[in-house]
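J.: One structure, pasted below without further comment.
FYI, it's all coordinate maths here, none of it is from the lab. All figures in this text were calculated on a predicted structure; none of them were measured in a lab. Quick reminder, even Gly has a Cβ in these numbers, built from the backbone with ideal geometry, and neighbours come from all protein chains shown.
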Amino acid sequence: MKLFWEAIKGLGITARHLIVNLWKFSLYYVGLSRDKGVVTVEYPEERRETFPRVRLRHRLLRREDGRLRCVACFMCATACPAECIYIEAEEDPDHPLEKRPRQFLIDLGKCAYCGFCVEACPEDAIRMDVHIPELAEYERDNLIYDIEKLTKK
Amino acid sequence: MPGGKRIKIIIDGREVETEAGTLLIKAAEDAGIYIPRFCYHEGLRPDGNCRMCLVEIEGLRKPVPSCMTPVKEGMIVRTNTPALQEHRKKVLEFILTSHPMDCPICDQAGECVLQDYYFDYDLEDRRYLEDRERKPKRVYWGKNLIYDAERCILCRRCVRFLDNVTGTRELGVFERGIHSYIGLFDGKKIENDYSGNLVDICPVGAITDLDFRFKMRVWFLDRTPSICPFCARGCNIEIHTNTDRLRNRFSSQRVFRIKPRKNQDVNGWWICDEGRYSYKFIDEGRILHPMSNGRKITWEAAGKKLREIIGNEIRVYLSAWMSNEELIYWKRLADLLQWKVSLVKRPDGDEDKLLRVKDKNPNTTGAKILGIKEERGNEEVSVVFHFPEFAPEQRIKIGIFTNEFPDMEGWELILPAAVFAEKEGHWTNFQGKIQKFQKALEPLGEAMDEGRIGEFFAGAFGIELPWDRQEMEREFLKEYKKWSGS
């Protein structure tokens, strides 16, 4: 019997929130109040704003001639506290910059988004993107980004 | 140095006792005072061209190069006065006017003395506004060497190495002044057996190794002291490994390079190219599981197979690649079970006057001390270590191998053994020196070191003989004393 009353009490709280917020939002909607009340963001049609200083997924940049800016110096991999960057370097036979990455992997599952790799880069080859928070994947291995994924527009 | 007379000098206010005729830079280094240098190398004749090692000697008006000055009784030397620091700064600034500063893509970065000295003495911005001198880059010098003239600081260590040590004289300095570079004499290529040492002695990244080029940055490498197994000299080496990071998910390479370690009684400062570049077998083509007639089996099944052969006559072919401890353990095991013992080893190869000796096995002397002889037998079962090609044509062949080989189907049982970099032990070199090699890596797959495999054999044959490396080491030392005493 006591349980029944507790359930009624809980539903009462829910109903109160609904009614109060409905009232607040109606006033806001007709322009009588600036308080919007608690309203669910209707993702994906509607998004919350990200803060301007947030830096998310990584990008590898290219030079004017289309070559990757990266010279595979491993500075980002050295600076990375999460040890999530894997680089395999190779000889670039035609270019005066002798070194280029054959493989450049970032495991975003391990990444702490600290931005040290961007700080460490001597060639301004790696940067972090803003306003793209959708990084979820169904498999952990899909979170390992390779050059193709990292340079995609 | 001749004479051997002990004299006393004072370096930086400390009294240092040294031998008459020693070079000042060496006397200071032995006393723990490091004088910066580019061109001086202990193993080469001094040249005195870099001017980095200048010191002040009381009574002389100008600083003198310590690498060209023999010590004299009662010398008072100062190595680190403000004037000398200012001088070193100038030397570095002069070198850096034409240095490309491409440290991010230079393999030497991290172990480059120019980098180190810059942080120790200079730390100034560049004042030279002209364009850098353009010189040849990526010059292939033959074998595994690649030369970058822009990075070169013209210390001439490489030129002197090929003159003083190998005597092959392929390199010289060409052109004058700022245009000078190191080059090959007409029609020559560096193809001697010690070319890899040029990479080690180059103080900057002018000479780099094609084998190591761009594979790994040096600060990611773990260094383990070890002994080179490729000939009976037993050169002291360092194994540089990396097993960290995301790497082991994507690449199976664990050993990246072999570097020499100084030991004046054995190899000096150098190692030969065979020892330097033959490390690939540690990671490639390894046997990872026990095998029976070419099929993978478990260790339990392998034990069962071993029990099947109890009662047959057995001969064990121990190898000259096993450590002292393993040899004595296996000999003891064989005595207990009344097996016969003999030795297999790699056939003799080239030798030269510098380091390489004819015997291409690290521990032939150790086997000799224990009285294990190279002989063949006709027993029904043969247990062969490391060298499948030595297996006699018996009914049952049991092998303990590290690397895969063509006809593995013909073997009743193959057990995976650890290579030298994956275990700890001692080898006795051809001079009779016992040298320790240390464990740099964990054994690959299900491989075990030969001592553990011996324990596994003992268990299968129903006897108690625990593998205790330290105890076996003491036992071997007893045998060694008997051998060297007689």
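J.: Using only the alpha-carbon atoms, how far is helix B:469-485 inclined from the longest principal axis of chain B? Give it as 0 to 90 degrees, nearest 10.
T.: 80
J.: Quick one: which of B:LYS353/B:LYS423; B:LYS72/B:LYS353; B:LYS8/B:LYS89; B:LYS433/B:LYS478; B:LYS26/B:LYS439 span more than 25 angstrom between C-alpha atoms?
T.: Violating the 25 Å limit, Cα to Cα: B:LYS353/B:LYS423; B:LYS72/B:LYS353; B:LYS8/B:LYS89; B:LYS26/B:LYS439.
J.: Sticking with the crude label model, points 7 Å out along Cα→Cβ, report the distance from B:ARG332 to B:ASN403 in nm, one decimal please.
T.: Label-label distance for B:ARG332 and B:ASN403, simple model: 3.1 nm.
J.: Report the convex hull volume per residue for segment B:291-485, counting only C-alpha atoms, in Å³.
T.: So the per-residue Cα hull volume is 126 Å³.
J.: Further question on the same structure: Using a cut-off of under 12 Å, list every residue of segment B:88-108 whose amide N is near the label point 7 Å from the Cα of B:VAL218 along the Cα-to-beta-carbon line.
T.: From segment B:88-108, the list is B:106-108.
J.: Next up: First obtain the Kirkwood hydrodynamic radius of the protein assembly as shown from its Cα pairs, then insert it into the Stokes-Einstein equation at 20 °C and 1.002 mPa s, and state the resulting D in µm² per second as a whole number.
T.: In µm²/s, the coefficient rounds to 71.
J.: Taking a threshold of 18 Å on the Cα-Cα distance, which of the pairs A:LYS110/B:LYS215; B:LYS188/B:LYS358; B:LYS358/B:LYS482; B:LYS368/B:LYS482 fall above it?
T.: Beyond 18 Å between Cα atoms: A:LYS110/B:LYS215; B:LYS188/B:LYS358; B:LYS358/B:LYS482.
J.: Roughly what angle does helix A:2-29 make with the longest principal axis of chain A, taking Cα atoms, 0 to 90 degrees, to the nearest 10?
T.: Once rounded, one gets 70 degrees.
J.: Of B:ILE76, B:CYS152, A:SER33, which is farthest on the positive side of the dipole of the protein assembly as shown, counting Cα position, with +1 on Lys and Arg Cβ, -1 on Asp and Glu Cβ, and the Cα centre as origin?
T.: The residue sitting most towards the positive pole is A:SER33.
J.: Enumerate the residues in segment A:43-60 having an amide nitrogen under 15 Å from the point lying 7 Å beyond the Cα of A:ALA136 toward its Cβ.
T.: Once the point is set 7 Å along Cα→Cβ of A:ALA136, A:43-48 turn out to lie under 15 Å by backbone N, inside segment A:43-60.
J.: If the reach is capped at under 13 angstrom between alpha carbons, list the aspartates and glutamates near B:LYS481, excluding any in the same chain fewer than eight residues apart.
T.: Straight-distance partners of B:LYS481: B:GLU473.
J.: Could you work out, for segment B:412-455, what percent of all Cα-Cα pairs fall into each 5 Å distance bin, beginning at 0 Å and stopping at the bin that holds the largest distance?
T.: 6, 21, 23, 21, 14, 10, 4, 1
J.: Taking Rh as the Kirkwood radius, which is the inverse of the mean 1/r over Cα pairs, what is the Rg/Rh value for segment B:398-486?
T.: 1.03
J.: Mind putting a number on the dipole of the protein assembly as shown about its Cα centre? Charges go on the C-beta only, +1 for Lys and Arg and -1 for Asp and Glu, and I need it in Debye to the nearest 20.
T.: Its charge dipole is roughly 1080 debye.
J.: Here is a further query. For segment B:171-211, state the semi-axes of the equivalent ellipsoid (square roots of 5 times the eigenvalues of the alpha-carbon gyration tensor), sorted largest first and rounded to whole angstrom.
T.: 20, 15, 7
J.: Starting from one equal scatterer on each C-alpha and no solvent at all, send me the Debye-based log10 I(q)/I(0) for segment B:150-238 at q = 0.14, 0.17, 0.19, 0.22 Å⁻¹, two decimals.
T.: Once normalised to I(0) and log-transformed, intensities are -0.63, -0.88, -1.04, -1.24.
J.: What relative contact order, as a whole-number percentage, does segment B:360-486 give when Cα pairs under 8 Å and 6 or more residues apart are counted?
T.: It rounds to 19 percent for segment B:360-486.
J.: Let me ask something else. Toward the positive end of the charge dipole of segment B:79-162, about the Cα centre and with charges on Cβ (Lys, Arg +1; Asp, Glu -1), which of B:CYS103, B:VAL91, B:LEU162 goes farthest?
T.: Toward the positive end, the furthest listed residue is B:LEU162.
J.: Here's a follow-up. What is the local net charge at B:PHE461, summed over the other residues whose Cβ is closer than 12 Å to its Cβ (Lys, Arg +1; Asp, Glu -1)?
T.: -2
J.: Same structure, new question: When a footprinting reagent is the concern and you count Cβ atoms within 10 Å, what order do A:ASP65, A:ASP92 take, fewest first?
T.: Fewest-to-most Cβ neighbours within 10 Å comes out as A:ASP65, A:ASP92.
J.: Along the charge dipole of the protein assembly as shown, which of B:GLY485, B:HIS179, B:GLY432 sits closest to the positive end, that is, farthest toward it, with unit charges on the beta carbon of Lys, Arg, Asp and Glu (+1, +1, -1, -1)?
T.: Of the listed residues, the answer is B:HIS179.
J.: Under the definition of Cα pairs under 8 Å and six or more residues apart, what whole-number percent is the relative contact order of chain B?
T.: 11
J.: How about segment B:135-194: which chymotrypsin sites (Phe, Trp or Tyr not before Pro) there lie in a loop by DSSP and see at most 11 other Cβ atoms within 10 Å?
T.: B:PHE185
J.: If you don't mind, another one. Count the DSSP beta bridges whose two residues both fall in segment B:1-152, then state the antiparallel fraction as a percent rounded to the nearest 5.
T.: Roughly 85 percent of the beta bridges in segment B:1-152 run antiparallel, per DSSP.
J.: I've got another one for you. Only Lys, Arg, Asp and Glu count, each charged at its Cβ (+1, +1, -1, -1), so figure out the dipole size of segment B:31-176 about its Cα centre, rounded to 20 debye.
T.: For this selection, approximately 480 debye.
J.: Normalised by the number of residues in segment B:54-192, what is the relative contact order in percent for Cα pairs under 8 Å and 6+ residues apart?
T.: Result for segment B:54-192 is 16 percent.
J.: Just round it to a whole percent: the fraction of Cα-Cα distances in chain A exceeding 19 Å.
T.: I get 67 percent for the Cα pairs in chain A exceeding 19 Å.
J.: Counting only Cα atoms, I'd like the Rg/Rh figure for chain B, Kirkwood definition for Rh.
T.: Checking Rg against Rh, the ratio lands at 1.05.
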